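The values are calculated or read from the model by the stated rules, or taken from the named source; none is laboratory data. Only a predicted model underlies this, so the values are computations on that prediction, with no experimental measurement involved. Reconstructed Cβ throughout: ideal geometry from the backbone, glycine too, with neighbour counts over all protein chains shown. Just the protein is used for accessible areas: all its heavy atoms, side chains included, with ligands, DNA and RNA removed. Shrake-Rupley method; radii C 1.70, N 1.55, O 1.52, S 1.80 Å.
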Amino acid sequence: MKVRAIMAALCATGLMLGVSAAQAAESVEVLHWWTSGGESKAIGVLKDDMTKQGYTWKDFAVAGGAGAAAMTALKTQVISGNAPSAAQIKGPLIKEWADQGVLVNIDSVAKEQDWKKNLPPQIDKIMQADGHYVAAPFSVHRVNWLYINKAALDKAGGKVPTTWDEFFAVADKMKAAGIQPVAMGGQPWQDFTVWEDVVLSQGADFYKKAIVDLDQKTLTSPQMVKVFDTVRKLTTYFDSSRTGRDWNLATAMVINGKAGMQFMGDWAKGEFANANKKAGTDYVCTAVPGTEKAYTFNVDSFVFFQQKGQKAATPGQLALAKTIMSPDFQKQFSLYKGSIPVRLGVDMSSYDDCAKKSYADEQASIKAGGYVPSLAHGMAQGDATAGAMSDVVTKFMNSNESSKDAVAALAKAAKTK
Ligand code: BGC
């Protein structure tokens with residue numbers, strides 16, 4: 001084959017698109033915890049995009065919702081001098097890793113794509129450490145969602161709840177109709193997610209004081225006792241075999257009609273989509289009772305580690321950052337993932353009603369001051385504080401501890417640094 005013919009053939013298959021010999025040789029190792037059906041499809045888009053650009057993708061997936069196992073694996077890798085090219089890290093943890101002096105910056109990509117203009121200011125700030133961009137954001141997940149199986153709701157003769165009283169009324173109706181009311185998983189982060197939802201139902205201001213400011217007066221208030229009382233009541237609607245259950249298996253219970261409802265962030269929507277279920281027809285997405293005007297945000301991002309002691313980002317790392325923030329990738333990733341693009345101005349017309357609602361509620365809550373970081377998903381506090389508070393909540397939800405004792409323990413845990 002003549003050189004020209006080879007070039008033409010390569011161009012036709014897309015292999016020539018900006019691929020240099022150096023790029024072709026670089027493999028990017030990517031550590032993440034996206035292993036459920038919807039999650040795998042979403043990260044698959046990045047893998048395909050990178051492969052098309054000539055990079056070799058080395059997948060380092062560590063199963064386990066919310067990433068606790070992935071974070072342990074990452075620490076081991078970094079300590080042993082085998083840091084991956086990129087890892088799924090978010091919120092204040094980005095700065096904690098940057099402070100260790102092991103990350104590279106991706107300023108050139110952020111400048112080229114004008115991230116400052118194209119990201120909500122709150123998120124733009126989180127991607128930086130000491131004035132440098134060190135993380136690339138994927139999408140925005142809203143955490144305060146309740147998913148309901150439509151057929152189960154109709155069979156029970158209930159209506160979509162907007163208050164806790166209405167919620168318990170629906171749950172009772174489902175029970176009476178022989179339907180397991182709530183599908184609940186059995187890991188600490190899932191307990192913490194539900195508890196955080198109930199905190200938010202007391203109002204965004206209460207949430208901010210308790211969870212963002214860690215205000216001791218709010219943490220020990222009668223209102224916080226009420227939060228634990230509501231959580232205690234909720235546990236009576238869980239089934240008895242939830243111990244160790246993964247979040248996506250709980251979602252599958254709602255998808256299959258084995259249970260009526262699940263409290264979960266909208267990565268659960270990725271599972272409904274993966275099972276070809278339609279929002280509005282097969283299932284309902286609604287804000288957790290009492291949280292309609294508020295929005296707990298959870299933004300996934302990748303940070304980039306120094307490779308072989310080099311302080312500058314490699315071409316592969318820059319390509320990862322650039323691809324993650326490109327409009328086409330942002331769109332396709334979120335369609336699979338259940339989230340909405342973090343990049344502003346992406347056309348929402350091909351999204352389902354839940355995503356459209358998420359986008360509208362995001363804009364409204366930003367204006368009204370109800371846009372708050374999720375504690376259960378690593379956006380509000382550093383590792384140590386969030387971990388100590390999560391322990392308190394999980395202990396409460398898996399024992400007969402009184403709400404008053406839990407509140408006292410929570411206030412103490414919030415002082416952990
Ligand atoms: C992450 C999501 C992920 C979920 C379940 C959350 O903390 O932000 O991307 O789908 O955990 O693993």
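Numbers for the structure displayed
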read-out: Percent antiparallel among DSSP beta bridges (both partners in the chain, rounded to 5); value: 60
read-out: Computed magnitude of the charge dipole of segment 356-407 (debye, nearest 20; Cβ of K, R +1, Cβ of D, E -1); value: 260
read-out: Separation of the Asp353 and Asp328 label points, Cα + 7 Å toward Cβ, nm; value: 3.2
read-out: Residue among Tyr351, Ser339, Ser221 farthest towards the positive dipole end of the chain, charges placed on Cβ; value: Tyr351
read-out: Estimated dipole of segment 162-271 in Debye, rounded to 20 [Cβ of Lys and Arg +1, of Asp and Glu -1, Cα centre]; value: 240
read-out: Cα centre as origin, Lys/Arg/Asp/Glu Cβ charges: segment 17-139 dipole, Debye; value: 180
read-out: Cα pair distances exceeding 27 angstrom across the chain, given as percent; value: 52
read-out: Under 17 Å from the Cα of Lys155 - lysines, other chains or at least 8 residues apart; value: Lys173, Lys175, Lys258
read-out: Charge context of Glu29, other residues only, Cβ under 9 angstrom, K/R +1, D/E -1; value: 0
read-out: Dipole of segment 83-173 [Lys/Arg +1, Asp/Glu -1 at C-beta], most positive-end residue of Trp164, His141, Ala151; value: Ala151
read-out: Rounded to the nearest 10 Å², the accessible area of His132 at probe 1.4 Å; value: 80
read-out: Size descriptor, Kirkwood hydrodynamic radius, that averages inverse alpha-carbon separations across segment 265-417, Å; value: 18.5
read-out: Largest to smallest accessible area among Arg142, Arg232, Arg343 [probe 1.4 Å]; value: Arg232, Arg343, Arg142
read-out: GNM top mover of Ala386, Ala63, Ala152 - the chain, alpha-carbon springs below 10 Å; value: Ala63
